[in-house]
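**Student:** Quick one: this structure, given as structure tokens, is what I'll be asking you about.
The values are calculated or read from the model by the stated rules, or taken from the named source; none is laboratory data. Model, not experiment: these values are computed from the prediction. Every residue, glycine among them, receives a Cβ derived from its backbone with ideal geometry; neighbour counts consider all protein chains shown.
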Amino acid sequence: MNGPNADTWQTTTRRIGRALGRQAQAERLVRDLEDRLGDVRRRATRLRGRTFTFSSFAGDQVVTKCARDDVLVRFLAGFGLALPALVAALPESGPAGMAGVSRERLELIDAGYTLITFRDEHERRAIETTALFARLNSVRNGGYLPLTPAESHALAFPSVLSIPYAIDRVLPRLNR
């Protein structure tokens, strides 16, 4: 993947460490976090083989991650999650790696886990109270996970600082 936020968090951490003359500290941060991620992956057995979507609302449209090489998608794939084939086949039509989906087609973002970020509670209530939303399998089966902007940014922009936040705040809610 080319463009902003295309490098792994490990590469970014090492580059920053090299630029600051702190390579050893950067390597230690990478190693410690990789060890922690390994522990979390071993415990996250419920996630393996499940599908997920990650979406946000923008006015009358939903935008959802559709690129398998997106950094957020790769991060969650590390826990055994995958985009549904239908979502991965959607054409990009917004920000890089995102596809626009009308509110009338919410079934397109249904998956084992449906992660949605909202700008505010008013927007969240406006969606969660619709009949189309209530029909999603993930909503009926407990796989719907509303995210705060901070949680969604921690997933979308993984770093040595944001990953521990995501591990502590988001992954336990998925792996229950």
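**Student:** Quick one: what pairs do we get from segment 149-161, first residue within 11 Å of ASP70 (Cβ to Cβ), second hydroxyl-bearing (Ser, Thr, Tyr) and surrounded by fewer than 16 Cβ atoms within 10 Å (Cβ to Cβ), C-beta under 6 Å, 6+ apart or different chains?
**Tutor:** Here the result reads none, with nothing in segment 149-161 linked to a residue that is hydroxyl-bearing (Ser, Thr, Tyr) and surrounded by fewer than 16 Cβ atoms within 10 Å (Cβ to Cβ).
**Student:** Out of segment 81-112, which residues are more than 18 Å from HIS153 (Cβ to Cβ) and assigned to a strand (DSSP E or B)?
**Tutor:** Correct list: ALA82, ALA99, GLY100, VAL101, SER102.
**Student:** State whether one or more residues within segment 55-71 are in the same structural domain as THR148 (by TED's automatic domain parsing), crowded, with 19+ Cβ neighbours inside 10 Å and either in contact with a Cys (Cβ under 7 Å, 6 or more places away or on another chain) or closer than 16 Å to LEU171 by Cβ (or both).
**Tutor:** No, there is no match, as no residue in segment 55-71 is in the same structural domain as THR148 (by TED's automatic domain parsing), crowded, with 19+ Cβ neighbours inside 10 Å and either in contact with a Cys (Cβ under 7 Å, 6 or more places away or on another chain) or closer than 16 Å to LEU171 by Cβ (or both).
**Student:** Just the residues that are in contact (Cβ under 8 Å) with a residue 40 or more places away in the chain and more than 18 Å from the chain's Cα centre (by Cα), please, taken from segment 4-32.
**Tutor:** Those that are in contact (Cβ under 8 Å) with a residue 40 or more places away in the chain and more than 18 Å from the chain's Cα centre (by Cα): THR12, THR13, LEU29, VAL30.
Listed here are the residues, each with its yes/no results for (1) of a type in the set (A, V, I, L, M, F, W, C); (2) assigned to a loop (DSSP other than H, G, I, E, B); (3) closer than 19 Å to ALA58 by Cα.
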{"residue": "PHE79", "(1), (2), (3)": "yes, yes, no"}
{"residue": "THR114", "(1), (2), (3)": "no, no, yes"}
{"residue": "ARG124", "(1), (2), (3)": "no, no, yes"}
{"residue": "ALA150", "(1), (2), (3)": "yes, no, yes"}
{"residue": "HIS153", "(1), (2), (3)": "no, no, yes"}
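**Student:** Shifting gears a bit: Which residues, taken from segment 139-159, are modelled with pLDDT under 95 and aromatic (Phe, Trp, Tyr)?
**Tutor:** Hit for segment 139-159 is PHE157, nothing else.
**Student:** Looking at segment 148-168, can you tell me whether even one residue there is charged (D, E, K, R) and surrounded by 19 or more Cβ atoms within 10 Å (Cβ to Cβ)?
**Tutor:** Yes, the conditions are met somewhere in segment 148-168.
**Student:** What single numbered condition from (1) farther than 30 Å from GLU27 by Cα; (2) of a type in the set (S, T, N, Q); (3) modelled with pLDDT of 90 or more fails to hold for SER162?
**Tutor:** (1)
**Student:** Quick one: is LEU132 surrounded by 19 or more Cβ atoms within 10 Å (Cβ to Cβ) and either at pLDDT 90 or above or in a loop (DSSP other than H, G, I, E, B) (or both)?
**Tutor:** no
**Student:** In addition: For segment 41-63, which positions are at pLDDT 95 or above and among the β-branched types (Val, Ile, Thr)?
**Tutor:** If the condition is that a residue be at pLDDT 95 or above and among the β-branched types (Val, Ile, Thr), then THR51, THR53 are the ones that fit.
**Student:** Just checking, how many residues over segment 72-110 are at pLDDT 90 or above, on the phi > 0 side of the Ramachandran plot and surrounded by 17 or more Cβ atoms within 10 Å (Cβ to Cβ)?
**Tutor:** 0
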